[in-house]
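Contents: one structure, followed by commentary.
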Amino acid sequence: MGGRLVIMGSGENAPTMVKFHRALMQDVGDGAKYMIDTPYGFQVNADDLGAKYQQYFDESVGTKIELAQWRRKDASVVEHERTLSQLQQASWLLAGPGSPSYALNQWSDTAIPAAFADLVRRGGTFVTGSAAAATIGAHAIPVYEIYKVGEDPYWLAGLNLLGDLLGIRAAVVPHFDNREGGRHDTSCCYIGLHRLEILEAQLHDGAGILGVDEHTAVLIELSSGKVSVQGAGGLTLRQSGKSVFVASGESTTVEAMRAALHGTNTVDVVVATHQTSQSDLLATFRSALQSGDSTAALAAALSTEDAVFSSDVASHQELRTMLVELADAAHSGLQDPRTLLSPLVDVALNVRRLARENKDYAMSDLVRDSLAAAGIEVRDTPEGVQWDLTDRI
């Protein structure tokens, strides 16, 4: 099996990504599996975070993983050599949440970047998510420094694994569709589109922007050059303000990605299935949500029900998107969450019920994953289906 590079926008240990991790692990086999702790190594609860990921993969995914420690570049030689030895034995490696700038400080000018590239070249799987994903391009956004400290937008030098492995010169931006700010733009990894545009103007080497939505995974297979998108959102390939979107369930190629990100393609990126764009209905929904008109937003969301039953892929994606965005608005105080969400959840559960009756398990899973991503827990009980709101991951 050829090497694989995975870029996740968020949700590395979320319920929505369990199925993806399981499928990935089936292909990995019995080789050693590690999570490297560098991105979150500065946090006082670093040990607890590592244990939480181990529990998730053990109990939810059904695979045990070990922790590889590289919290500081000035740690002992013995500790570093132990970790490098683990990476040399690994067939699967995860690097996830934390701080991109901290991770880069601890990995730059060490043997770690070469170890990452070597793992993929010899047929292993390297899963990068959130903060770690932001480090693998030619440039990286110092998220905390810009978003929390308030520094003017600037780039850090990235590890450039995309260049070394794929010949792609780009900056990776996870959390690309983030909406935690409600009416304030927190997309583009919390810094907002305006500041991303400022950063784009600073790219004088022809690099593009590779954006990955939350609860979304981009799987890149080195041997075949195939790129597939799975999860709640999609992949955005942006160059000089122009974007191409590859939705969940669709695929493209490394060559097409390279052309889009370097601005050399004369046609849209060729997608293996079909290109999905945002519909007028989704635009209406978002406009209503941004203006605080929950009634209009709910009406637009409910109107997707008939389209979903037609098995139209675009409608499936829109239902998932609306569920997540409406739940975000409810959780942020647009109005009482259960009152706002109840009609839409009823629609989703009706879709799930009919899908299961028709043995359309793919649709059933889509509804379940959409509800989970929206922070809605569904329980099948002897008294019937019940649901409640959970803490968002």
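Structural remarks
- Only a single item in (1) touching an Asp or Glu at 6+ places or on another chain (Cβ under 8 Å); (2) under 15 Å from SER10 (Cα atoms) is not met by VAL172, and it is number (1).
- Matching residues, region 244-258, being assigned to a strand (DSSP E or B) and among the hydrophobic types (A, V, I, L, M, F, W, C): VAL244, PHE245, VAL246, ALA247
- One residue stands out in region 46-103 among those that are among the hydroxyl-bearing types (Ser, Thr, Tyr) and in a helix (DSSP H, G or I): the one that is surrounded by the fewest Cβ atoms within 10 Å (Cβ to Cβ), namely SER85.
- Candidate set: region 213-243, residues that are assigned to a strand (DSSP E or B) and of a type in the set (Ser, Thr, Tyr); chosen: the one nearest to ALA374 (Cα to Cα): THR216
- Pairs linking a residue in region 146-170 that is of a type in the set (Asp, Glu) to a residue that is assigned to a helix (DSSP H, G or I), with Cβ atoms under 7 Å and 6 or more positions apart or on different chains, are GLU151/GLU145; ASP164/ALA117.
- Test: residue in region 374-388 that is of a type in the set (D, E, K, R) and part of a helix (DSSP H, G or I): no
- Residue, farthest from GLY163 (Cα to Cα), within region 202-251, restricted to residues that are more than 20 Å from the chain's Cα centre (by Cα) and of a type in the set (A, V, I, L, M): LEU203
- Residue that is modelled with the highest pLDDT [pool: residues in region 123-165 that are part of a loop (DSSP other than H, G, I, E, B), over 20 Å from the mean Cα position of the chain (by Cα) and hydrophobic (A, V, I, L, M, F, W, C)]: TRP155
The values are calculated or read from the model by the stated rules, or taken from the named source; none is laboratory data. Keep in mind that this is a model prediction, so the values were computed, not measured. Note that each Cβ is placed from the backbone with ideal geometry, even for glycine, and that neighbours are counted across all protein chains shown.
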